[in-house]
Amino acid sequence: LEISDKKQELPFITGIQTEQENIQVGKRLCTEDLKKLGDVLKIVEASISNDIYDLITKIDITNQNDYILTLQKKKKVVYLGDTSNLSTKMLWILTFNELEGNTEGEIILNMNLNDENNKPYFRKKV
């Protein structure tokens, strides 16, 4: 870890497991958090290449099998699942953002997209 004087416009990451007292300059995060941050890099790269990175305000890494993205400007929460099929999942995020505009709700992608019986869907907030 390092401290920077520059304010970066980056998504807020929640759900780390490293104990608070171990989060210090020059110390490493726990192994599990390091693996999850590797996945965050994959998510960031996929979102940049699909022009949605600027929409992501928060990434919840609590569950490695179900990462959760918050798209505050679009009023949506994305249940991404794991990092499999990221390019396809990013296309679904684009599709639902286009179809639903700024309608508040959840984009559900935490499923096996290779299975014909599984279809991503949007659930409006009630």
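Here are the numbers for the structure shown:
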{"quantity": "Search result, residues across the stretch 67-112 that are open to solvent by less than 60 Å² (accessible area, probe 1.4 Å), of a type in the set (A, V, I, L, M) and closer than 14 Å to Ile43 by Cα", "calculated": "Ile68, Leu69, Leu71, Val78, Leu80, Leu86, Met90, Ile93, Leu109"}
{"quantity": "Among the candidates Gln64, Gln72, residue that is closer than 15 Å to Pro11 by Cα, modelled with pLDDT under 95 and not β-branched (Val, Ile, Thr)", "calculated": "Gln72"}
{"quantity": "Test: residue in the stretch 88-99 that is outside any helix (DSSP H, G or I) and of a type outside the set (A, V, I, L, M)", "calculated": "no"}
{"quantity": "Candidate set from the stretch 37-66 (those that are in contact with a Phe, Trp or Tyr (Cβ under 8 Å, 6 or more places away or on another chain) and not aliphatic (A, V, I, L, M)); member that is surrounded by the most Cβ atoms within 10 Å (Cβ to Cβ)", "calculated": "Ser47"}
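The values are calculated or read from the model by the stated rules, or taken from the named source; none is laboratory data. Note that this is a predicted model, so its numbers are computed, not measured. A quick note on method: Cβ atoms are made from the backbone with ideal geometry, for glycine too, and the neighbour counts reach across all protein chains shown. Just so you know, the surface numbers come from the protein's heavy atoms only, side chains and all, with ligands and any DNA or RNA stripped out. Shrake-Rupley method; radii C 1.70, N 1.55, O 1.52, S 1.80 Å.
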